[in-house]
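Before any comments, here is the structure.
The values are calculated or read from the model by the stated rules, or taken from the named source; none is laboratory data. Being a predicted model, the structure only gives us computed values, none of them experimental. Please note: Cβ atoms are built from the backbone with ideal geometry, for glycine as well, and neighbour counts cover all protein chains shown.
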Amino acid sequence: MKILTANQLRKIDRLSGNTLTLMENAGTRVVETIEERFENLDDLQIYVLCGKGNNGGDGFVIARLLAERGCTPHVLLFARESDIIGDAATNLARLNAFDESPTVILDETQWAEFSGEEEPSLVIDALLGTGITRPVDGLYRAVIESIPDLFPEATILAVDLPSGLSADSGEVSGAAVQADVTVTFTALKPCLVFPPAHRYAGDVIVADIGNPDELTSAPEHKLNLITPDDFPDALHRRQEDTHKGDYGRVLIVGGSRGKTGAAAMAGQAALRSGAGLVTVATPSSCLPQVAATMPELMTEPLEETSAGTIANASIAQLLAGKTMLGLGPGLGTHPETQAMARIALHEASMPVVLDADGLNAFSAHVAELRGTANRPVIITPHPGEMARLIHREVAQVNANRIDVARDLAVAHDLHVVLKGFRTVVAFPDGQVFINATGNPGMATGGVGDILTGMLAGILAQERLGTFAERVLFAVHLHGLAGDLAAEESGEESLVATDLLYYIGAAWEQLRA
């Protein structure tokens with residue numbers, strides 16, 4: 001699902017042709033949402049708060065369509081009727097012709113003196129649209145700030161976006177409407193996706209108002225939200241005539257003294273994600289602990305350093321016959337081990353998921369960290385690991401998550417999964433996807449190891465879609481499993497291995 005800026009949407013509307021029809025369609029989609037959520041519209045008390053721009057024009061359409069359905073909406077216009085121009089003026093005239101003229105309020109004194117006939121059940125916010133780029137002041141600020149006190153029991157429905165938010169930013173710089181539901185048009189706006197602004201939107205419904213798909217999906221529009229439409233093949237059930245070899249052979253290389261759990265969790269996650277066969281290669285002294293965690297895991301002992309990490313030696317023999325390599329969980333930072341990680345990436349002829357200390361091995365050798373068409377590389381850094389890779393401060397990474405992930409992906413032909421709230425997935429072609437699943441309870445040790453294993457397990461199964469689709473599916477499924485786990489046990493008590501027991505439920509929920 002596309003996430004578009006205000007300028008991109010204005011261009012799409014202009015190229016789409018009849019903007020008056022688009023406004024009519026927008027109002028229709030909002031009214032349809034109201035009809036789905038409320039019964040007996042003719043008994044419903046509704047206030048429609050309208051500004052002088054096109055967002056207000058949407059409000060005039062909504063009020064007229066509600067009146068046509070037997071409702072009597074109260075329209076409040078916070079501008080002179082003579083100030084309304086263009087398509088909005090046309091729809092104001094249509095509303096007036098329907099004998100539903102608005103109540104005009106022009107200053108804060110008039111607003112302070114306003115009192116409705118009775119408490120409304122629904123307040124429609126059609127005050128301000130995507131053109132806002134600075135904090136709201138004056139009358140509009142007074143109206144926005146008074147909504148919670150004036151209409152405490154009403155459902156607040158925002159048209160396109162909550163008034164006061166800047167469409168292109170996740171920042172909130174002033175007063176903004178706190179909506180219960182937002183009906184937005186054509187595509188998501190950044191403010192509806194990114195924190196903290198997204199909290200003002202409530203439930204978000206993306207409504208099709210007739211813009212051609214070829215305009216909204218143009219190649220230059222590179223920001224997207226992950227939805228199940230992005231991985232349709234992953235939602236099909238397995239065919240009956242299959243065997244374990246059809247679902248991939250995963251090799252996880254990791255673990256060290258004191259960090260056996262990381263490699264074990266990655267291996268278990270790969271199995272729980274449907275991989276047919278999973279082998280964990282780990283230092284020989286760590287092998288018994290890894291093997292004891294799950295009898296279904298196969299294990300391979302590796303030579304080790306005096307620190308209990310994997311020694312610098314080729315793993316080419318282990319790679320033979322494997323379809324996926326996961327490298328890094330619990331690996332450690334011993335120089336020999338870090339050298340082994342770089343050699344392993346060079347030797348691999350299959351896709352590689354690189355995480356944790358596997359990533360740190362390239363912090364001083366970033367030129368060697370490259371993907372190819374035959375050997376895609378997926379990296380899963382948290383902001384600290386990303387900062388080490390690109391030699392920037394963590395604060396700079398957090399302030400520019402999309403650009404940082406995209407730039408590294410394009411420059412090094414990588415698939416970048418930058419972890420955190422609203423995980424960013426960037427592809428070598430510059431397309432960027434934002435993941436909306438996941439919760440604060442997942443900010444705990446080992447959750448990244450589970451993600452590494454899930455990526456490896458899902459990427460090993462070609463039947464689940466294209467390579468890009470499988471990456472998106474794994475990231476989305478990981479967050480959803482965390483959400484289901486948190487619903488059951490609460491965010492505070494959630495631990496990484498809880499996710500293992502909700503992968504299947506998350507998969508079923510997506511199918512449903």
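Assorted remarks:
- In the range 303-347, residue farthest from Gly254 (Cα to Cα) [restricted to those that are buried (at least 23 other Cβ atoms within 10 Å of the Cβ) and of a type in the set (A, V, I, L, M)]: Met324
- Unmet requirement for Arg470, which otherwise passes all of (1) more than 19 Å from Val278 (Cβ to Cβ); (2) within 19 Å of the chain's Cα centre (by Cα); (3) among the charged types (D, E, K, R): (1)
- Residues of the range 60-76 satisfying the condition of being part of a loop (DSSP other than H, G, I, E, B) and either in contact with a Pro (Cβ under 7 Å, 6 or more places away or on another chain) or polar (S, T, N, Q) (or both): Thr72
- The test for being under 24 Å from Glu108 (Cα atoms), among the β-branched types (Val, Ile, Thr) and in contact with a Gly (Cβ under 8 Å, 6 or more places away or on another chain) holds for Val48.
- Here Ala142 qualifies as surrounded by 15 or more Cβ atoms within 10 Å (Cβ to Cβ), in a helix (DSSP H, G or I), at pLDDT 95 or above and out of contact with any Gly (no Cβ under 7 Å at 6 or more places or on another chain).
- Residue in the range 100-122 that is under 21 Å from Arg10 (Cβ atoms) and either of a type in the set (Ser, Thr, Tyr) or touching a Cys at 6+ places or on another chain (Cβ under 8 Å) (or both) present: no
- Under the condition of being in contact (Cβ under 8 Å) with a residue 24 or more places away in the chain and over 19 Å from Val177 (Cα atoms), the residues counted in the range 40-59 number 4.
- Any hit, the range 173-194, residues being closer than 15 Å to Gly131 by Cα and touching a Phe, Trp or Tyr at 6+ places or on another chain (Cβ under 6 Å): yes
- Hey, Arg29 without any contact (Cβ under 8 Å) to a residue 24 or more places away in the chain, assigned to a helix (DSSP H, G or I) and among the basic types (Lys, Arg) or not: no
- Any hit, the range 121-130, residues being modelled with pLDDT under 90, out of contact with any Ser or Thr (no Cβ under 7 Å at 6 or more places or on another chain) and at negative phi: no
- Residue within the range 268-276 that is among the small types (Gly, Ala, Ser), buried (at least 16 other Cβ atoms within 10 Å of the Cβ) and not in a loop (DSSP other than H, G, I, E, B) present: yes
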